[in-house]
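K.L.:
Sending over a structure as structure tokens; questions will come in a sec.
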Amino acid sequence: QVQLVESGGGLVQPGGSLRLSCAASGTIFSINAMGWYRQAPGKQRELVAAFTSGGSTNYADSVKGRFTISRDNAKNTVYLQMNSLKPEDTAVYYCHARYRTTYWSSEYDYWGQGTQVTVSS
């Protein structure tokens, strides 16, 4: 069993900053990809920023230059530093991890429960 514990969401004014954290725990041999997605009301879930299985990072065009994803591999934790927040960044932010439980196992996908980010004056 795997758990993804998210924290750091909240209410912030336009132009402000927030930092999200997501810590993975449980039966994990390796995490092959990990990152953040978001879903605004009435919209599909979309990629925000993520580390790929190749070790590179992907960012949504709408957050490039404002958001930065980082990680602490020893803690199986990823962070999302969000600066210059805009009202259109308002959404539920979900942590995602693709992992293996053993060297030989298949990859599994797991989602966190989500944390609300609201950007409003």
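K.L.:
Any residue in region 1-29 that's closer than 13 Å to C95 by Cα and in contact (Cβ under 8 Å) with a residue 40 or more places away in the chain: show its pairings with residues that are basic (K, R) and outside any strand (DSSP E or B) at Cβ separation under 7 Å, as long as the two are six or more apart or on different chains.
P.N.:
A23/K75
K.L.:
W36 fails exactly one of the following numbered conditions: (1) at pLDDT 95 or above; (2) surrounded by fewer than 16 Cβ atoms within 10 Å (Cβ to Cβ); (3) of a type in the set (A, V, I, L, M, F, W, C). What is the number of that condition?
P.N.:
Here W36 clears every test but (2).
K.L.:
Restricting to region 69-85, what's the tally of residues that are modelled with pLDDT under 95 and polar (S, T, N, Q)?
P.N.:
Residues meeting the conditions: 2.
K.L.:
Further question: Which residues, taken from region 28-46, are within 17 Å of R71 (Cβ to Cβ) and in a strand (DSSP E or B)?
P.N.:
If the condition is that a residue be within 17 Å of R71 (Cβ to Cβ) and in a strand (DSSP E or B), then S30, I31, N32, A33, M34, G35, W36, Y37 are the ones that fit.
K.L.:
Go through the residues of region 60-70 one by one and say whether even a single one is under 14 Å from T115 (Cβ atoms), open to solvent by 20 Å² or more (accessible area, probe 1.4 Å), touching a residue at least 12 places away in the same chain (Cβ under 8 Å) and not in a strand (DSSP E or B).
P.N.:
no
K.L.:
Across region 13-63, what is the number of residues that are under 30 Å from S106 (Cα atoms) and not hydroxyl-bearing (S, T, Y)? Even if it seems obvious, please write down each step before you answer.
P.N.:
Step one: list which residues in region 13-63 are under 30 Å from S106 (Cα atoms), which gives 20-39, 44-60.
Next cut, not hydroxyl-bearing (S, T, Y) only: 20, 22-24, 26, 28-29, 31-36, 38-39, 44-51, 54-55, 58, 60.
Of the residues in that region, 27 qualify.
The values are calculated or read from the model by the stated rules, or taken from the named source; none is laboratory data. Here the structure is a predicted model, which is why all the values come from computation and not from measurement. Positions of Cβ are generated from backbone atoms using ideal geometry, with glycine treated the same way; all protein chains shown enter the neighbour counts. What goes into the accessible areas is simple: the full protein's heavy atoms, side chains included, and nothing from ligands, DNA or RNA. Shrake-Rupley method; radii C 1.70, N 1.55, O 1.52, S 1.80 Å.
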